[in-house]
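Below: one structure, written as C-alpha cells.
Read the figures in this text as sums done on the coordinates, not as results from a lab. Everything numeric in this text was worked out from a predicted model, so none of it was measured. Quick reminder, even Gly has a Cβ in these numbers, built from the backbone with ideal geometry, and neighbours come from all protein chains shown.
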Amino acid sequence: MRVAPLALLSLVACSSKLAEVPAGTRRHLYGAVESSAKGTARVKVPVDPLDSSLLVTAQVPAPWAVHVRSLRSPDGTEVFRAFEWNSSPYNKTNGGFVSTAATLNWPVSSSDPILTPGKWEIEFGVVDAAQQYTKQQVAVDVLLKKDLSYSEGALDVAIVYTGGVQEDPGLRDAVEEAKGIWTQMYASFGVDVRFSKDMGYPTDIGPPALGDEEAYELIAAQTGIPHVNLVISNEIVGFEQIFGIAGDIPGPLVPTTRSGVQVSAVLAAGPDGRYSDEDVRLLAETMAHETAHFLGLFHPVESSWDAWDVLNDTSECDNETVCKAELGENLMFPFPVCSVVSCVPQNEITLEQAEVVHRYTGVD
C-alpha cells in the first residue's frame, strides 16, 4: 500500500527523474523507476551545495523485495556498495539487505565521504520471491537536509498508543516520566527530543521490523515527515520477550510498513505489573535505544559476541564478561545488565555514536 503525500507518484512513474516537493527544512524528491530484466534500476539525485545528508527509501509490493545496491558520488566514485557490508561482521546499515522497504542514510559515520554538489547516482536491486533479480516498479523517496551540525539538533517524536493501552493511567504516567529521562539522555549529546504528537490507534498491531504491518503506513501518513513514531502496545507479537523493536536501521520517514518503533507495555511494567522508578528508567532507556536504532545506530556488539558496529570508538570485545564490563553502560548494549537487585543504568553514548545520530536526515 502506498500512502500520501505521494499522490503525484503517477506523474513520474517509470522515470529515472524524481519530482520534488518541499518538506519543511528538507527537500523531498520522489518518483518511481522500473528495474531492468536483470533487476537493477538507477536514479540521479541532485545534491545542492548546502545539502549535508540524504535518506533514500525504496519500496516494492510483496512478494518482491528491493535493496540499495550502491551509491555513487558525482565524480563516479562508488562510496557505498551493499555486497561489501552484507557479509561483514561489522554492521553499517540495513539498506543493503533486501526488503519490501529498504532505507539508506548517507553519510553514516565520520569515515564516509560527505555529500558534494552534483548528481549522485543510487542503484537499486529488485528480487522476486525466489530471490532472483527481476523486472519490477520501485517507488523511491529521497529526503535531503542542510547544514549538518554535530553538536545540536532536534528530533520530532510521536507517541502512539495501540489497542486501548492509553486507558491505563499507570502506563500513561510512566511514559510521561520516561519522556523526561529520555529527553535528558539525548540532550547530553545535543539532540532536543520534541514530543509534538500523542495519539491512539484503535487496534493492536504487529511489529514494524517484519515489514508486513500496514498500520505503520497509516500512522506515518498522519504524523508526517519528519516524525519518528514510537508505538506502545501491550506486547510485541512474535517477540514477547523483548522490550522494544525498531522498524529498520536506519528507519524511513515516509510512510512504509517499517516506519516506526514499538515498545512493550507489559514488559515495561515488570513482573508485578507496577511501574517502579527502575521500571520507568528501563522504559526510558528502551524508548531511547530503539529510537537510536531507527536513527542508524547498531548494537556496539551483538549478543553472539562475533559481530560489531562499524564505529571506531566502541569496544570490539568478544565475550559476555568483557563486553558487559566495557560496554554494559552504553545506551546501545543489546540487553539490560541486571543483578537480582537492580539493573545498571545504560545511558552512555560515544562521540561517533552521537555523530551517526546527528547525520540522520530526520534530526534537524
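Things worth noting here:
- Global geometry of the range 309-358, whether rounded, prolate or oblate, following the gyration tensor of its Cα atoms and the 1.5 cut on a/c: oblate
- Toward the positive end of the charge dipole of the range 9-146, with +1 on the Cβ of Lys and Arg and -1 on the Cβ of Asp and Glu, the farthest Cα among Pro107, Gln59, Gly96 is that of Gln59.
- Whichever aspartates and glutamates have a C-alpha closer than 18 Å to that of Lys44, once near sequence neighbours (fewer than 8 apart) are set aside: Glu20, Glu34, Asp75, Glu78, Glu121, Glu123, Asp141
- Global geometry of the range 228-364, whether rounded, prolate or oblate, following the gyration tensor of its Cα atoms and the 1.5 cut on a/c: oblate
- Restraint check, Lys145/Lys324; Lys38/Lys146; Lys38/Lys119; Lys135/Lys197, Cα-Cα greater than 28 Å: Lys145/Lys324; Lys38/Lys146; Lys135/Lys197
- Within the chain, helix-based [θ] at 222 nm, where runs of 4 or more DSSP H residues each add -39,500 (n - 2.57), nearest 500: -6000 deg cm²/dmol
- In the range 9-146, a dipole from Cβ-located charges (positive for Lys and Arg, negative for Asp and Glu) runs towards its positive end, and of Ala19, Gly39, Phe124 it is Ala19 whose Cα lies farthest in that direction.
- Spatial separation of Cα centroids for the range 29-88 and the range 255-309, in angstrom: 29 Å
- Dipole axis of the chain (+1 Lys, Arg; -1 Asp, Glu on Cβ), positive-most option in His299, Tyr186, Val68: Val68
- Summary value for the range 9-146: 39 percent relative contact order, contacts being C-alpha pairs under 8 angstrom separated by 6+ residues.
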